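**Q** Could you have a look at this structure, given as structure tokens, before my questions?
The values are calculated or read from the model by the stated rules, or taken from the named source; none is laboratory data. Predicted, not measured: the structure shown is a model, and the values here were computed from it. Glycine gets a Cβ as well: all are built from the backbone with ideal geometry, and neighbour counts include every protein chain shown.
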Amino acid sequence: MHKIYTKTGDQGETSLLGGARVSKAHIRIEAYGTVDELNSHIGLLRDQPVNELRKDFLKNIQDVLFTLGAELASEPGKDKIMKPDLSIADITHLEEAMDSMEDLLPELKSFILPGGHPSVSVAHIARCVCRRTERICILLHEKEPIHELIIPFLNRLSDYLFVLGRKMGSELEAEEVKWMPR
């Protein structure tokens with residue numbers, strides 16, 4: 001096995017898949033770095049005992065996020081690079097999971113405050129990181145085209161994480177605190 005350090009980034013640059021060297025501060029690097037951060041939060045969410053029956057589903061989300069990362073780490077215009085494929089089915093799976101959970105939850109009639117249980121808070125933090133990831137990918141897309149399913153997937157994933165937080169709260173019998181404007 002090769003050493004983890006290469007020293008090629010010591011001057012503040014890194015390589016994209018395809019070979020181009022860019023600043024580590026480039027918006028593309030920020031985009032896939034934030035996808036990586038989101039993936040770590042999903043791992044923490046997967047490790048919550050309340051999600052034992054959802055471990056495989058959450059692992060699948062992590063797999064898709066690695067695919068997103070590979071897509072974002074690829075040099076624009078280098079279409080012959082071998083990488084996993086994003087699919088509309090990845091989005092459909094999230095929608096189906098949300099529909100199943102929402103069927104078992106009380107109707108949402110007001111905004112709710114994040115929290116109620118430490119595990120639920122983990123879901124809300126993941127949701128917020130997902131929204132930030134989506135915003136960064138939109139910013140990148142305004143400068144360079146990205147895969148057409150990345151933004152819809154992240155949008156749907158943040159919705160899924162919100163519903164999951166509510167479902168986890170229900171299963172943990174945590175109070176759902178409604179936001180009451182002052």
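**Q** Take region 102-125 and flag every residue that is of a type in the set (A, V, I, L, M) and touching a Ser or Thr at 6+ places or on another chain (Cβ under 9 Å).
**A** L104, L105 - these are the residues of region 102-125 that are of a type in the set (A, V, I, L, M) and touching a Ser or Thr at 6+ places or on another chain (Cβ under 9 Å).
**Q** Name the residues in region 22-47 that are among the charged types (D, E, K, R) and closer than 19 Å to H141 by Cα, would you?
**A** Residues satisfying the conditions are K24, R28, E30, D36.
**Q** Test of understanding: among V22, V50, which residue is of a type in the set (A, V, I, L, M), more than 17 Å from N155 (Cα to Cα), touching a His at 6+ places or on another chain (Cβ under 9 Å) and surrounded by 11 or more Cβ atoms within 10 Å (Cβ to Cβ)?
**A** None of the others qualify; the one that does is V50.
**Q** Is one or more of the residues making up region 6-22 on the phi < 0 side of the Ramachandran plot and in a helix (DSSP H, G or I)?
**A** Within region 6-22, none of the residues are on the phi < 0 side of the Ramachandran plot and in a helix (DSSP H, G or I).
**Q** Is it fair to say P114 is within 18 Å of G33 (Cα to Cα), over 16 Å from the mean Cα position of the chain (by Cα) and in contact (Cβ under 8 Å) with a residue 24 or more places away in the chain?
**A** No; evaluated as a whole, the condition is false for this residue.
**Q** Between S110, S121, S74, which is modelled with pLDDT of 95 or more and of a type in the set (G, A, S)?
**A** Result of the check over S110, S121, S74: S121.
**Q** Restricting to region 129-143, name every residue that is surrounded by fewer than 16 Cβ atoms within 10 Å (Cβ to Cβ) and either farther than 17 Å from L65 by Cβ or of a type outside the set (K, R) (or both).
**A** I138, L139, E142, K143
**Q** A further question follows. Within region 1-37, can you find the residues that are aliphatic (A, V, I, L, M), at pLDDT 90 or above and in contact with a Lys or Arg (Cβ under 8 Å, 6 or more places away or on another chain)?
**A** Passing the criteria: only I27.
**Q** OK, next. From R166, R127, which residue is out of contact with any strand residue (DSSP E or B) (no Cβ under 8 Å at 6 or more places or on another chain) and of a type in the set (K, R)?
**A** Exactly one residue qualifies, and that residue is R127.
**Q** Another question about this same structure. (1) within 21 Å of A70 (Cβ to Cβ); (2) within 13 Å of the chain's Cα centre (by Cα): which one isn't true of L44, the others all being true?
**A** Condition (1) is where L44 drops out.
**Q** Scanning for something touching a Phe, Trp or Tyr at 6+ places or on another chain (Cβ under 6 Å) and under 17 Å from N39 (Cβ atoms), does region 151-171 turn up at least one residue?
**A** no
Quick grid of which residues meet (1) over 28 Å from E30 (Cβ atoms); (2) in a helix (DSSP H, G or I); (3) among the basic types (K, R):
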| site | (1), (2), (3) |
| --- | --- |
| T92 | yes, yes, no |
| A97 | yes, yes, no |
| L104 | yes, no, no |
| R135 | no, yes, yes |
| H141 | no, yes, no |
| L154 | no, yes, no |
| F162 | no, yes, no |
| G169 | yes, yes, no |
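**Q** What number goes with the only condition from (1) hydrophobic (A, V, I, L, M, F, W, C); (2) surrounded by 15 or more Cβ atoms within 10 Å (Cβ to Cβ); (3) not in a helix (DSSP H, G or I) that L38 does not pass?
**A** Going through the list (1) hydrophobic (A, V, I, L, M, F, W, C); (2) surrounded by 15 or more Cβ atoms within 10 Å (Cβ to Cβ); (3) not in a helix (DSSP H, G or I), L38 breaks only (3).
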